[in-house]
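For reference, the structure discussed in these notes is given below.
The values are calculated or read from the model by the stated rules, or taken from the named source; none is laboratory data. This one's a predicted model, so the numbers in the text were calculated from it and none came from an experiment. Note that we place each Cβ from the backbone using ideal geometry, even for glycine, and neighbour counts take in every protein chain shown. For the accessible areas, the whole protein counts, side chains as well, though only heavy atoms, and no ligand, DNA or RNA atoms are used. Shrake-Rupley method; radii C 1.70, N 1.55, O 1.52, S 1.80 Å.
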Amino acid sequence: MAAAMWRQSRGLAALLSLRRPGARGLARSHPSRQQQQFPSLDDKPQFPGASAEFVDKLEFIQPNVISGIPIYRVMDRQGQIINPSEDPHLPQEEVLKFYRSMTLLNTMDRILYESQRQGRISFYMTNYGEEGTHVGSAAALDRTDLVFGQYREAGVLMYRDYPLELFMAQCYGNVNDPGKGRQMPVHYGCKERHFVTISSPLATQIPQAVGAAYAAKRANANRIVICYFGEGAASEGDAHAGFNFAATLECPIIFFCRNNGYAISTPTSEQYRGDGIAARGPGYGILSIRVDGNDVFAVYNATKEARRRAVAENQPFLIEAMTYRIGHHSTSDDSSAYRSVDEVNYWDKQDHPISRLRQYLLNQGCWDEEQEKAWRKQSRKKVMEAFEQAERKLKPNPNLLFSDVYQEMPAQLRRQQESLVRHLQTYGEHYPLDHFDK
């Protein structure tokens with residue numbers, strides 16, 4: 001039955017059409033609390049842990065009952081809309097914002113990657129090839145929806161108009177950094193834009209996001225939480241805990257998985273044996289869909305519909321966006337050790353989300369080569385100005401190492417602060433203290 005259902009599914013509406021029975025919300029009574037009748041041993045099984053029929057034949061369930069979850073897309077690689085009924089019909093200015101956000105992110109990535117290679121910042125992670133997953137999903141959200149990122153979602157912040165100056169300040173850890181230089185680069189956060197500060201440990205944001213979504217449901221806040229992660233993070237135990245809590249507590253959350261082919265150096269063929277991440281959703285009772293992550297409109301449509309239903313029905317959704325990580329995992333990685341140049345070039349030249357959207361704009365007659373050249377020049381100038389400004393700024397005062405943890409500093413921490421002061425008084429000439437704010 002499951003295989004037939006998937007074979008008959010067509011388009012976004014079909015893939016998101018299944019509804020679980022019962023009213024959603026805090027007032028829903030749990031089936032296990034209802035009085036059950038047991039009229040005959042020949043009736044359906046009454047086990048509380050599953051919904052099933054008895055059979056009299058010994059048979060193990062095959063791991064791939066469904067022959068490949070389909071990949072939803074709106075436009076082909078040439079930027080042509082495939083099915084006009086799936087066209088989101090967005091205003092031209094909004095589509096141009098998609099394109100400018102994606103290309104600005106790409107330009108910022110190139111400059112900051114090179115700055116790390118020159119020793120100007122300590123670390124960086126690019127977003128090459130995944131720009132469509134960021135911008136398409138961000139555009140479909142409400143501005144007050146809470147975002148829990150992993151570490152490759154800078155485009156979400158960029159779409160929410162996070163200033164280039166703050167991106168740079170964070171990567172340089174200067175006095176303008178909202179995190180006061182305490183985080184390593186690319187660990188952004190912004191309370192005003194409802195973007196929770198990124199933390200390095202893998203997948204810890206997943207159960208945290210579920211808790212935030214449950215709180216939003218309790219408050220009847222008419223908002224959702226979106227939680228981003230890669231397919232590698234889905235192998236962590238926190239992913240299981242988060243999926244199960246979200247389903248059983250009926251939380252308004254979108255789990256957004258960027259399946260980019262690699263968990264650092266581990267290819268998907270060595271990460272799992274099932275059909276990707278979307279196939280796991282039904283096992284948890286979560287409505288799931290797989291989309292072409294290089295098609296910004298497919299990502300937008302899927303996220304928009306998932307958000308609408310998450311708010312209306314108080315239930316979680318899982319979106320698996322199929323994409324490809326064109327860049328190295330980070331500046332600490334050399335991906336040529338585990339994949340070929342030809343493989344990377346294929347995705348960079350033949351199926352890049354920016355190229356696809358640019359082709360769409362050219363087909364629509366709302367973009368041309370002159371505009372492209374002018375925008376590339378303008379965007380690079382904007383990034384370079386922010387870059388140069390950040391580099392000239394002082395580092396935060398060293399005393400900020402000890403603040404913002406306790407309302408009243410405990411004696412042990414105060415002794416550490418005093419020890420640092422004495423150390424710098426004695427050996428200050430060995431440190432570049434003139435680079436730090438007084």
inquiry  = Less than 18 Å from a label point 7 Å out along the Cα-to-Cβ axis of ALA241: which backbone N atoms in segment 120-151 qualify, by residue?
reply    = 148-150
Signed unit charges on C-beta, dipole axis of the chain, positive-most listed residue GLN170, HIS194, TYR262 = HIS194
query = Where in the chain lies the longest segment free of chymotrypsin sites (Phe, Trp or Tyr not before Pro) that are both loop residues by DSSP (not H, G, I, E, B) and have at most 16 other Cβ atoms within 10 Å?
reply = 124-271
remark   = On the formula 1/(1 + (r/R0)^6), with r taken between the Cβ atoms of GLN78 and GLU388 and R0 of 51 Å, the FRET efficiency rounded to 0.05 is 0.85
task = Under 29 Å Cα to Cα from LYS97, which lysines show up? Leave out anything in the same chain fewer than 8 places away.
result = LYS191, LYS304, LYS349, LYS373, LYS377, LYS381, LYS382
message = Suppose each label sits 7 Å from its Cα in the direction of the beta carbon; what would the ALA337-GLN350 distance come out to in nanometres?
response = 2.8
task = Give me the number: length gained by fully extending GLU93 to GLN62, i.e. 0.36 nm times residue separation minus the C-alpha to C-alpha distance, one decimal in nm.
result = 6.3 nm
request  = Sorted from largest down, give the three principal axis spans of the alpha carbons of the chain, whole angstrom values.
outcome  = 87, 63, 43
ask   = How long are the semi-axes of the ellipsoid equivalent to segment 75-186, from square roots of 5 times the Cα gyration tensor eigenvalues, in whole Å, largest first?
value = 30, 16, 11
query = For THR426 and MET409 in the same chain, what is the full-extension length gain: residue separation times 0.36 nm, less their Cα-Cα distance, in nm?
reply = 3.7 nm
request  = Determine the equivalent ellipsoid of segment 240-303 by diagonalising the alpha-carbon gyration tensor, then write out the semi-axes as square roots of 5 times the eigenvalues, largest first, rounded to whole Å.
outcome  = 21, 18, 10
request  = Calculate what fraction, in whole %, of the accessible area of the chain sits on carbon and sulfur atoms when a 1.4 Å probe is rolled over the protein chains.
outcome  = 51
message = Based on DSSP loop calls and a cut-off of at most 11 other Cβ atoms within 10 Å, the longest stretch of the chain free of exposed GluC sites (Glu not before Pro) is what?
response = 193-407
query = Can you tell which of LEU318, SER403, SER355 lies farthest toward the positive end of the dipole of the chain, using +1 and -1 charges on the Cβ of basic and acidic side chains (Lys, Arg; Asp, Glu)?
reply = SER403
ask   = Given a 1.4 Å probe, how much area per residue of segment 155-260 is accessible, in Å²?
value = 35
Mean-position separation - Cα centroids, segment 394-438 and segment 363-393, in angstrom = 39
task = Would you mind checking the tilt of helix 92-117 against the longest principal axis of the Cα atoms of the chain, expressed as 0 to 90 degrees and rounded to 10?
result = 50
inquiry  = I'd like the accessible area for ILE61, computed on protein heavy atoms only with a 1.4 Å probe and all protein chains in place. Round to 10 Å², please.
reply    = 140
Simple spin-label estimate for ASP43 and LEU401 in nanometres, 7 Å along Cα-Cβ = 7.0
remark   = Farthest towards the positive end of the dipole of the chain, among LEU104, ALA219, GLN183 and with Cβ unit charges of +1 on Lys and Arg and -1 on Asp and Glu, lies the Cα of ALA219
ask   = Hey, what angle do you get for helix 341-350 against the long axis of the chain, alpha-carbon based, 0 to 90 degrees rounded to 10?
value = 80
request  = Quick one: dipole size for the chain, taken about the Cα centre, charges +1 on Lys/Arg Cβ and -1 on Asp/Glu Cβ, in debye to the nearest 20.
outcome  = 880
note = Quick shape check on segment 314-392: root eigenvalues a ≥ b ≥ c of the Cα gyration tensor, a/c under 1.5 is rounded, otherwise prolate if a/b tops b/c, else oblate, and it reads rounded
key: Part-to-part distance (alpha-carbon centres) for segment 57-92 and segment 242-269, which is given in Å   = 18
task = Largest first and in whole Å, give the semi-axes of segment 166-298's equivalent ellipsoid, each being the square root of 5 times a Cα gyration tensor eigenvalue.
result = 27, 21, 14
inquiry  = Is there a quick way to get the dipole size of segment 313-438? I mean about its Cα centre, with the Cβ of Lys and Arg at +1 and of Asp and Glu at -1; what is the value in debye to the nearest 20?
reply    = 400
remark   = If every Lys and Arg gets +1 and every Asp and Glu gets -1 at its Cβ, then about the Cα centre segment 109-240 yields a dipole, in debye to the nearest 20, of 380
message = How much accessible area per residue does segment 328-388 have, counting only protein heavy atoms and a probe of 1.4 Å, in square angstrom?
response = 58
request  = Could you tell me the distance between the Cα centroids of segment 190-216 and segment 304-355, to the nearest Å?
outcome  = 20
query = Against the longest alpha carbon principal axis of the chain, how many degrees, from 0 to 90 and to the nearest 10, is the axis of helix 131-140 turned?
reply = 70
key: Loop sites in segment 96-156: trypsin sites (Lys or Arg not before Pro), DSSP, at most 15 other Cβ within 10 Å   = ARG120, ARG143
remark   = Residues of segment 380-421 with backbone N under 16 Å of the label point set 7 Å from the Cα of SER199 along Cα→Cβ are 405-406
